[in-house]
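Okay, structure first, notes after.
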Amino acid sequence: MTGEGVAPADGNGRRSVAAHWGGFIASGLIALLVDGAILEAGIRLLHLHPLLARLLAIGIAMVAGWLSHRTLTFALQSRPTATEFARYATMAWTAAAINYGTFASILLLRPETWPLAALVLASIVAAVFSYLAMRFGVFRGRR
């Protein structure tokens, strides 16, 4: 990796494990913050119904997540493409379905589970799926 200064690389151009995972976490937080900001702006400034504002927020957060993952997590130097974004969007919507399905399954199978705990567990499952899908699918071979 040269030129962009995203993270220090070793002599073979590989980033450190800490930089890679730090980028993954930072990218997730960026997407979350964009999601929340657009949701609030849609509701408060545009007077949208929360369900409509949420769809807008998810779409914009998805673009922010894609661009930050390609830069911070995987340190890609190639140009982004529409095909790459389509793969990312497919992965992101699938991860959302996995997250929701896991959340619902936990609550249906163990109704006494605190919903926030179910959310955390479902988010961990979805994060593992997302990482693997990005690493071996969306951004594979793009370096």
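Here, each number is a calculation from the coordinates, and none is a lab measurement. Just so it is clear, the model here is predicted, and its values are computed rather than measured. No Cβ is skipped: glycine too gets one built from the backbone with ideal geometry, and neighbour counts run over all protein chains shown.
What residue, among those in the stretch 39-84 that are of a type in the set (Ser, Thr, Tyr) and part of a helix (DSSP H, G or I), is surrounded by the fewest Cβ atoms within 10 Å (Cβ to Cβ)? Talk me through it step by step, then tell me what you get.
First, the residues of the stretch 39-84 that are of a type in the set (Ser, Thr, Tyr): 68, 71, 73, 78, 81, 83.
Subset that is part of a helix (DSSP H, G or I): 68, 71, 73, 83.
Details: 68: 19, 71: 18, 73: 26, 83: 8.
Within the stretch 39-84, the match that is surrounded by the fewest Cβ atoms within 10 Å (Cβ to Cβ) is 83.
Would you check which residues across the stretch 130-143 are crowded, with 16+ Cβ neighbours inside 10 Å, in a helix (DSSP H, G or I) and not hydroxyl-bearing (Ser, Thr, Tyr) and list them?
First pass over the stretch 130-143, keeping only residues crowded, with 16+ Cβ neighbours inside 10 Å: 130-131, 133-134, 138-139.
Subsequent filtering for residues that are in a helix (DSSP H, G or I) retains 130-131, 133-134, 138.
133, 134, 138, listed by residue number.
Name the one entry in 132, 108, 76, 116 that is under 25 Å from residue 55 (Cβ atoms) and hydrophobic (A, V, I, L, M, F, W, C). Break it down into steps so the answer makes sense when it comes.
Working: 132 fails: under 25 Å from residue 55 (Cβ atoms); 108 fails: under 25 Å from residue 55 (Cβ atoms); 76 fails: under 25 Å from residue 55 (Cβ atoms).
Only one candidate qualifies: 116.
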